[in-house]
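Can you keep this structure in mind? I'll have questions shortly.
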Amino acid sequence: MIFIVNQQPHHPFLFGRHGRGSVIIILMPFTIAVDIGGTHIRAASYLPETTSATSHCRVRSFANEPGVYDRLVQAIESIWPKDKVNAIGIASPGPLDPHAGSILATPNIPEWRNFPVGPNLSRHFGLPVYLDNDANMAGLAEWQYGAGKGHHDLVYITISTGIGGGVISNDHLLQGFHGMAAELGHMIIDPDGPPCGCGHNGHVESFSSGPAIARYVNEQIRIGRQSSLQADPMLSGQQVADAALRGDALAIAAFERAGYYLGIALANYLAIFDPSILIFGGGVSQVGDLLFKPFESSLREHTFHPHYLDDLVIAKAALGDDAGLLGALALARMRSQE
Ligand SMILES: [Zn+2]
């Protein structure tokens, strides 16, 4: 039996007394989590069973300029603890291959094409490195530490400049054969619909993301519809939301349309994943009833069986900007225990 006599949250050692006067020292390994974004790289170190970082750094990624990998290594080294580290987890924009630890291509970081960031870091630091895309990691974090705690089947959607998703099915993160499962933003809602950021047409992202909402308003103004807004290529989803809250009929209609198509997408996800909770993150989901009232009625209308809706929880994400980092932490902890 080990009696823990010193378990300070920021102390890497547990001292235990074992048997007659013999003292054993248990080294508590740190886990490193990294969130790579288009504008910033964040890195943090954590002791077991805590989600408050013992050290943390946030640096500009200068993602369009060469040397992103070197800046990433420096960021990790800057928070490296004095004591043992067991694994590194990384949340990165995709598409990527989590099984190989490679970024396939990401518009945010042009110099990374088929870039083996996981194996490179693993060689550099001499540790296992686990990688997955930022939306999957946010979903994993919400399940482990946030709004989805205690659920076994969870669908997480983030709606901002794009739409991303993460799925927990039967207490497992859904990754898929190629590691590309749960690309929920690219669900086809109407093959003749507007162009999506990915180049295909009619994905839910092309109807319900912030830019899609703004684009619809611009199109309607150009064909003569009245609005307090002016046609403007720089128009943002937030400006449309502000106009809707002031009572602008076109802006309200734009959110009704976005919510309607979002409801169709979610009806599809219910039929595939049958979750007990839907969690919404991202800036556009902060608008509340403007989007969620039409979303809910569309979800009811399009759900194949009403039983999917019994006891279904619809929740806001709880972890905000930390979701990617905490998901990377959860991934590294999970995988290093397997
Ligand atoms: Zn798409």
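Taking the options LEU131, LEU173, name whichever one is outside the structural domain of GLU205 (by TED's automatic domain parsing) and either more than 16 Å from ILE272 (Cα to Cα) or at pLDDT 95 or above (or both). Working first, answer last.
Numbers: LEU173 fails: outside the structural domain of GLU205 (by TED's automatic domain parsing).
The match here is LEU131.
Which condition does ALA265 not pass, out of (1) in a helix (DSSP H, G or I); (2) in contact with a His (Cβ under 8 Å, 6 or more places away or on another chain); (3) within 14 Å of the ligand (Cβ to nearest atom), if it passes all the others?
Going through the list (1) in a helix (DSSP H, G or I); (2) in contact with a His (Cβ under 8 Å, 6 or more places away or on another chain); (3) within 14 Å of the ligand (Cβ to nearest atom), ALA265 breaks only (2).
Something else now. Any residue in the stretch 86-101 that is surrounded by fewer than 19 Cβ atoms within 10 Å (Cβ to Cβ), closer than 19 Å to LEU325 by Cβ and of a type outside the set (Lys, Arg)?
Checked against the condition, which is being surrounded by fewer than 19 Cβ atoms within 10 Å (Cβ to Cβ), closer than 19 Å to LEU325 by Cβ and of a type outside the set (Lys, Arg), the stretch 86-101 yields at least one hit.
State yes or no: is ILE157 within 16 Å of the ligand (Cβ to nearest atom) and either closer than 18 Å to GLY263 by Cα or not charged (D, E, K, R) (or both)?
It is true that ILE157 is within 16 Å of the ligand (Cβ to nearest atom) and either closer than 18 Å to GLY263 by Cα or not charged (D, E, K, R) (or both).
Conditions tested, residue by residue: (1) among the small types (Gly, Ala, Ser); (2) surrounded by fewer than 19 Cβ atoms within 10 Å (Cβ to Cβ); (3) within 16 Å of the chain's Cα centre (by Cα).
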{"site": "LEU154", "(1), (2), (3)": "no, no, yes"}
{"site": "ILE163", "(1), (2), (3)": "no, no, yes"}
{"site": "ASN170", "(1), (2), (3)": "no, yes, no"}
{"site": "HIS178", "(1), (2), (3)": "no, yes, no"}
{"site": "PRO194", "(1), (2), (3)": "no, yes, no"}
{"site": "GLY197", "(1), (2), (3)": "yes, yes, no"}
{"site": "PHE207", "(1), (2), (3)": "no, no, no"}
{"site": "ALA214", "(1), (2), (3)": "yes, no, no"}
{"site": "ILE221", "(1), (2), (3)": "no, yes, no"}
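State which residue is nearest to the ligand (Cβ to nearest atom) when the search covers only the stretch 175-233 and only residues that are hydroxyl-bearing (Ser, Thr, Tyr) and closer than 29 Å to PRO95 by Cβ.
First, pick out the residues of the stretch 175-233 that are hydroxyl-bearing (Ser, Thr, Tyr): 206, 208-209, 216, 227-228.
So of that shortlist, the ones also closer than 29 Å to PRO95 by Cβ come out as 206, 208-209, 216.
Working: SER206: 6, SER208: 12, SER209: 10, TYR216: 16 Å.
Checking each candidate, the answer is SER206.
Additional query: Test HIS152 against the criterion of being outside the structural domain of THR51 (by TED's automatic domain parsing) and within 16 Å of the ligand (Cβ to nearest atom), and give yes or no.
On the way: outside the structural domain of THR51 (by TED's automatic domain parsing): yes; within 16 Å of the ligand (Cβ to nearest atom): no.
Considered against the rule, which asks whether it is outside the structural domain of THR51 (by TED's automatic domain parsing) and within 16 Å of the ligand (Cβ to nearest atom), HIS152 comes out as no.
Of all residues in the stretch 32-60 being within 18 Å of the chain's Cα centre (by Cα) and outside any strand (DSSP E or B), which is nearest to ALA135 (Cα to Cα)?
Only one residue fits best here, namely GLY37.
Which of the residues belonging to the stretch 229-251 are assigned to a loop (DSSP other than H, G, I, E, B), over 29 Å from the mean Cα position of the chain (by Cα) and surrounded by 12 or more Cβ atoms within 10 Å (Cβ to Cβ)?
Let us first name the residues in the stretch 229-251 that are assigned to a loop (DSSP other than H, G, I, E, B), namely 229-236, 246-248.
Of the ones still in play, those that are also over 29 Å from the mean Cα position of the chain (by Cα) are 229-232, 246-248.
Scanning the stretch 229-251 gives LEU229, ALA231, ASP232, ASP248.
Go through (1) more than 19 Å from GLY162 (Cα to Cα); (2) outside any helix (DSSP H, G or I); (3) among the β-branched types (Val, Ile, Thr); (4) in contact with a helix residue (DSSP H, G or I) (Cβ under 7 Å, 6 or more places away or on another chain) and name the single condition ILE279 misses.
Looking at each condition in turn, ILE279 falls short on (1).
Hey, another quick one. With the stretch 61-178 as the region, which strands (runs of 3 or more DSSP E) entirely inside it contain at least 1 residues that are hydrophobic (A, V, I, L, M, F, W, C) and under 21 Å from ASN268 (Cβ atoms)? Even if it seems obvious, please write down each step before you answer.
Numbers: elements: 85-92, 102-105, 113-115, 129-133, 154-159, 163-169.
Because the criterion is at least 1 residues that are hydrophobic (A, V, I, L, M, F, W, C) and under 21 Å from ASN268 (Cβ atoms), the strands (runs of 3 or more DSSP E) in the stretch 61-178 that meet it are 154-159, 163-169.
The values are calculated or read from the model by the stated rules, or taken from the named source; none is laboratory data. Predicted model, so just to flag it, every value in this text is computed and none were measured. Note: ideal-geometry Cβ built from the backbone for every residue, glycine included; neighbour counts use all protein chains shown.
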